[in-house]
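The structure appears right after this line, and notes come after that.
The values are calculated or read from the model by the stated rules, or taken from the named source; none is laboratory data. Please read all numbers here as calculations on a predicted model, not as lab measurements. Reconstructed Cβ throughout: ideal geometry from the backbone, glycine too, with neighbour counts over all protein chains shown.
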Amino acid sequence: MLRSWLGTIAFRRYVAAISRRVAARRNAEARTEGRWRRLRAWLIRHGDPVVMMAVGQRILAMPLSHELPVYRALFASYDRTLAHLAKAHHDAGVRLVMIDVGANIGDTMAVVLDVVPGARFTCIEGNPRYVALLERNVTRLDADASVVATYCDDGRGAAWQMTGDAHGSARLAPLSQGGNVVATTTLDRLFAGDARVRDVTLLKIDTDGADLRVLRGAATLLRERQPMVYFEFHPSLLRECGDDPDDLFPLLSAAGYSRARLYTNRGDTIGTVAVTPSFTADAEARIDGRVVEYLDILAWAPAHEAIVAALTALESRHGHSPRP
């Protein structure tokens with residue numbers, strides 16, 4: 001209990017020092033920032049307690065090692081696309097109904113609820129620690145949300161293990177010798193005949209490399225319901241999972257998706273592109289491995305043009321108008 005309290009204080013002071021440094025564009029806070037960073041690191045090494053941190057206007061429980069508050073302090077645009085997308089649904093007169101694959105601690109839910117309190121969520125997470133925190137945060141937020149504790153893939157029989165469980169992120173990787181197999185399912189199996197997907201408007205996927213496999217396992221959902229799809233495009237991680245990034249085009253095109261908007265991993269808008277055979281190669285060319293480590297992609301079918309128009313208007317007002 002004491003370490004949780006101390007961790008919360010240290011993490012909040014550390015993030016506040018980062019925010020002041022970024023706002024002032026100078027290093028006057030470096031000494032203070034370093035002091036809280038070292039205390040945080042010590043507490044992470046000695047148990048990584050659960051702390052209570054602000055995400056937007058909400059307070060969420062998370063591990064002290066979670067980097068989300070740091071990213072939000074460093075990058076003003078981080079997570080802004082999801083907030084704009086939620087507001088665009090509202091402005092277009094559409095209730096946001098989201099399936100969130102890789103829901104982690106529920107941070108997307110918190111960001112969205114700041115903008116549209118009436119949104120509905122199905123949160124899917126396989127990591128046991130994050131599932132417990134996700135359920136705790138759903139209760140804290142009093143959200144219209146259900147939690148499904150599972151990992152998702154394409155159902156083709158590959159064996160997976162969990163890896164990289166640090167800094168607020170854990171992902172699936174092909175099973176290696178000595179690894180522990182984790183159970184998976186597909187979205188199509190999970191939601192077969194389920195009323196929760198009848199009016200789904202947004203499928204968000206953040207699985208650190210398994211995104212293409214999750215999409216492949218949702219082929220029926222994509223074809224029949226055509227939700228907007230917001231996913232991470234990280235070619236090197238896709239290849240580590242045995243996937244070819246170019247497989248995105250036929251998958252999206254076959255389901256009726258014709259346009260996509262590209263964003264940097266920091267949340268800055270790049271532009272809007274057609275979903276064509278060169279789509280993924282053009283997207284990968286935007287990644288330099290330094291400033292832009294990966295992209296977030298929003299893909300949509302013609303039925304969602306009203307929401308996209310509202311999104312474009314919001315991004316234009318905030319100085320992030322995409323190129324056509």
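Could you please find all residues in region 257-313 being small (Gly, Ala, Ser) and closer than 16 Å to residue 79 by Cα?
267
Scan region 87-109 for residues that are crowded, with 22+ Cβ neighbours inside 10 Å and not β-branched (Val, Ile, Thr) and jot them down.
Correct list: 88, 89, 96, 98, 100, 102, 103, 104, 106, 107, 109.
Quick check on residue 96: is it touching a Leu at 6+ places or on another chain (Cβ under 8 Å) and not charged (D, E, K, R)? Walk me through it before giving the result.
On the way: touching a Leu at 6+ places or on another chain (Cβ under 8 Å): yes; not charged (D, E, K, R): yes.
Yes; evaluated as a whole, the condition is true for this residue.
Is it fair to say residue 191 is under 14 Å from residue 150 (Cβ atoms) and in contact (Cβ under 8 Å) with a residue 12 or more places away in the chain?
yes
Within region 240-251, does at least one residue satisfy the condition of being out of contact with any helix residue (DSSP H, G or I) (no Cβ under 7 Å at 6 or more places or on another chain) and either of a type in the set (S, T, N, Q) or within 15 Å of residue 297 (Cβ to Cβ) (or both)?
no
On the basis of being modelled with pLDDT under 95, part of a helix (DSSP H, G or I) and over 14 Å from residue 85 (Cβ atoms), does residue 136 make the cut?
Taking the combined requirement at face value, the residue does not satisfy it.
Going by the conditions given, is residue 69 crowded, with 23+ Cβ neighbours inside 10 Å and more than 28 Å from residue 213 (Cα to Cα)?
Considered against the rule, which asks whether it is crowded, with 23+ Cβ neighbours inside 10 Å and more than 28 Å from residue 213 (Cα to Cα), residue 69 comes out as yes.
Considering only region 1-117, give the helices (runs of 4 or more DSSP H) lying wholly within it that have at least 3 residues that are among the hydrophobic types (A, V, I, L, M, F, W, C) and modelled with pLDDT under 90.
Working: elements: 2-24, 30-45, 68-74, 80-91, 107-115.
Passing ranges, in order: 2-24.
Kindly indicate whether residue 19 is outside the structural domain of residue 226 (by TED's automatic domain parsing), in contact (Cβ under 8 Å) with a residue 60 or more places away in the chain and of a type in the set (S, T, N, Q).
In short, no.
Taking the options 211, 199, 247, name whichever one is surrounded by fewer than 16 Cβ atoms within 10 Å (Cβ to Cβ) and touching a strand residue (DSSP E or B) at 6+ places or on another chain (Cβ under 8 Å).
The unique qualifying residue is 199.
Cβ-Cβ under 7 Å, sequence separation 6+ or interchain: first residue in region 71-93 and closer than 20 Å to residue 21 by Cβ, partner of a type in the set (Phe, Trp, Tyr) and assigned to a loop (DSSP other than H, G, I, E, B). Which pairs?
Matching pairs, first to second residue: 71/78; 72/78.
Scan the strands (runs of 3 or more DSSP E) fully inside region 154-227 and keep the ones with 3 or more residues being at pLDDT 80 or above.
Hits in region 154-227: 202-205.
Regarding residue 131, is this residue over 20 Å from residue 266 (Cβ atoms), hydrophobic (A, V, I, L, M, F, W, C), in a helix (DSSP H, G or I) and in the same structural domain as residue 149 (by TED's automatic domain parsing)?
On the way: over 20 Å from residue 266 (Cβ atoms): yes; hydrophobic (A, V, I, L, M, F, W, C): yes; in a helix (DSSP H, G or I): yes; in the same structural domain as residue 149 (by TED's automatic domain parsing): yes.
So residue 131 passes the test.
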